[in-house]
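First up is the structure itself, then whatever we jot down about it.
The values are calculated or read from the model by the stated rules, or taken from the named source; none is laboratory data. Given the structure is predicted, the values throughout are model-derived calculations rather than measurements. All Cβ positions, glycine included, derive from the backbone under ideal geometry; neighbour counts span all protein chains shown. In case anyone asks, the SASA skips ligands and DNA or RNA and just uses the protein heavy atoms, side chains included. Shrake-Rupley method; radii C 1.70, N 1.55, O 1.52, S 1.80 Å.
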Amino acid sequence: MNWGTELWDQYDNLAAHTHKGIEFLDKYGNFVKDRCAIELEYAGKLRRLVKNYQPKRKEEDEYQYTACKAFRQLLQELGDFAGQREVVAENLQSNVVRELHLLAKELREERKQHLNEGSKQMAVLGTAVGSLERARRSYERAARESERALEAFQRADADFNLSRAEVEKQKTNMKLRSQACEDAKQEYMDQLRKTNEAQRQHYEQRLPHVFKQLQDLDEKRIKNIKNFMLSSVDVERKVFPIIIQCLDGMEHAAKSINEKEDTQLVIERYKSGFVPPEDFRFEAATGADATDAPAAHATHNHLTAARGTVSGNRIKKRGGLLSIFSSNKKIIEACNSLKNNMSMDGKEDYSDLPPNQKKKKLQAKVHELTKQVGQEQAAMEGLMKMKGVYETNPTLGDPMTVEGQLNECCDKLKKLRAQLRKYEELLTEANNQVCAPPLHPAARTNGAAPTQATSSIGSNSESLSRSASESSVSTGTGCTGTGTGPGVGGGSCTGGRAAGGSPESGLGGELAAAHADHTNGDHDDNDHDPDHDFYGDYYYEADLQPLGYCKALYAFEANGTGSTMRMECGEQLLVLETDAGDGWTRVRRSNTSEEGFVPTTYIATTLYADAHH
């Protein structure tokens, strides 16, 4: 396929076609340029969208839930996605638009040169054709004049009236005209040969060469449009893996949402630690016969009771539960305090918070101060080592240069330890302030006070369920341990833990004795004081003060007796009782009330006393 042979007579159409082709190239360049602008605008709007929906500082507390965390992760992935759209726009701008603009400029210049060359060759051919036409006209004119001269000679030669001189004159004119005709004929023939040669060269060599250059130019344009389109696709394909990662991140964020975990977080965040109020008691109206009053308590809604009975008399307010609060009003105030102070620390000792929230805040403060004490102690030890090195080798430095730093570190350490002791005492008080568990529904039926038949250790005190019958409390002479965990001694305990030293020995004699005293003591239901309600004979042990904390080095499965406790590798636990030589340590989960014994060799223990000193 060659334009020079197939389109030898379409010079004007080829010139117009190449012009339209370059215009189409410019049109495609404008398309890519506009697309870059759209990509940048899209990316910019996405970034503004992400920025507008980023959590504000006052909303940080709300972003502890899995749904909020997932939304934040989605915003981050969407920002990365916007960045990839910007990369697409930048690469299209540099790899396509700029190169396409340069190509269009280059093709225009080449086309202009080729068309000028074609115009020049067309002018050469036109000149040759014009010379041929002039030679032809000269030959025709000379031929006519020669023919007329011949006719004039023939007439003169036939006319006997003319003189011989006149005849000779006509003869001479005839010969001159005949020679002029021959010369014109020869010139015409020469010009015809030259013109035909020029025409052959024009249509076989010169013009095809020009057309070939125009064809190469147009094919170059078409080929580059193809390459630019492929480059545009490649630019977008290169960002697809990252975009897919962004989409995978969004999918992972969505799948990370856990409604149960969020529900638990709501409980941990808003749980006050108080217990629901007791049933209201029926009180006879003034002047009524006391014998007609029903013995059972009437059940009332606390909001209805707060407004009064049908008679309009004021209901007597009850005493507090374990002296924590003394009225329904205090319950409402405590709930309002929880609502208003959940996002702020309030007082330094957190006394304005409900018990559960106060305990959480104090635990976090103790953990933070313990960490700071450890850091300062490590820094002080480093300074002491540095001072010792300087004293040993004075050439390395002056020991007095670190004296000031040591003093400053020592003062800071003293302050931190004082604060730590203070908050540990507050935490101990908070742990000892245990609210009574809510009554079992059977014990609260009809508002009647719980009787001796329904009193027992509550089922919610599962962590303290090792009964006295399991232990050797009655003898108090020790027990034989049957621990089978790896690395745990299986010998007998030596009385150091008083029948409560090992997981198999029970809670200890003092708990059983306290329970026996409580259940066997004099208890008169008729003298039951509502202001000091103890919920019948429910019994539970106050939380033990944590002695420190530990980290599980290995996973451990409970043996099913109820005294051991399962733990996961890396789990953080509170230490309630240290190992008394039997290979077991009593621990508690920090976020629940679950307690039990775990193998000592399975944990790394840090006691608060060790952290202090």
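Listed by chain and number, the lysines whose alpha-carbon sits under 25 Å from that of Lys169, ignoring those within fewer than 8 places in the same chain, are Lys185. In terms of accessible area, using a 1.4 Å probe and ignoring ligands and nucleic acids, Lys223, Lys358 rank largest first as Lys223, Lys358.
Largest first, what is the accessible-area ranking of Asp12, Asp579 with a 1.4 Å probe?
Sorted by accessible area, descending: Asp12, Asp579.
Rolling a 1.4 Å probe over the heavy atoms of the protein chains gives the range 1-129 an accessible area of 63 Å² per residue.
Mind running the shape call on the range 1-92? Use the C-alpha gyration tensor, a ≥ b ≥ c as the square roots of the eigenvalues: rounded below 1.5 for a/c, prolate if a/b tops b/c, oblate otherwise. Prolate is the answer for the range 1-92, as a/c is 1.5 or above and a/b outweighs b/c.
If each Cα of the range 107-148 is one equal point scatterer, what is log10 of I(q)/I(0) from the Debye formula at q = 0.18, 0.24, 0.25, 0.29 Å⁻¹? Scattering profile of the range 107-148, log10 relative to I(0): -0.61, -0.76, -0.79, -0.87. Quick one: net charge around Asp398, please, counting Lys, Arg +1 and Asp, Glu -1 for every other residue with C-beta under 15 Å from its C-beta. Net charge in that neighbourhood comes out at -1. Kirkwood radius and radius of gyration were both taken over the C-alpha atoms of the range 168-221, and their ratio Rg/Rh is 1.54. Here His367 sits with roughly 120 square angstrom of accessible surface, probe radius 1.4 Å.
Does the range 24-174 classify as rounded, prolate or oblate by the C-alpha gyration tensor (a ≥ b ≥ c root eigenvalues; a/c under 1.5 gives rounded; else a/b over b/c gives prolate, otherwise oblate)? The shape class here is prolate.
Which entries of Lys56/Lys359; Lys361/Lys415; Lys51/Lys260; Lys69/Lys238 show an alpha-carbon separation above 26 angstrom in the structure shown? From the list (Lys56/Lys359; Lys361/Lys415; Lys51/Lys260; Lys69/Lys238), the Cα-Cα distance tops 26 Å for Lys56/Lys359; Lys51/Lys260; Lys69/Lys238.
The mean accessible area for residues of the range 140-249, using a 1.4 Å probe and ignoring ligands and nucleic acids, is 67 Å² per residue. Neighbours of Gly29 by Cβ distance under 12 Å: Lys/Arg scored +1, Asp/Glu scored -1, total +2.
Of the solvent-accessible surface of the range 124-280, computed with a 1.4 Å probe over protein heavy atoms with every protein chain present, carbon and sulfur atoms account for 52 percent. Exposure check, 1.4 Å probe, all protein chains in place: Lys56 carries approximately 90 Å² of accessible surface. Sorted largest first by accessible area at a 1.4 angstrom probe radius, with every protein chain in place, the residues Cys409, Cys68 fall in the order Cys68, Cys409. Surface composition of the range 1-62: carbon plus sulfur atoms hold 54% of the accessible area, using a 1.4 angstrom probe and ignoring ligands, DNA and RNA. Checking the table Lys412/Lys551; Lys387/Lys414; Lys27/Lys223; Lys20/Lys105 against a 23 Å threshold on Cα-Cα, which pairs fail? Check vs 23 Å cut-off fails for Lys412/Lys551. Using heavy atoms of the protein chains and a probe of 1.4 Å, the accessible area assigned to Ile222 is about 90 Å².
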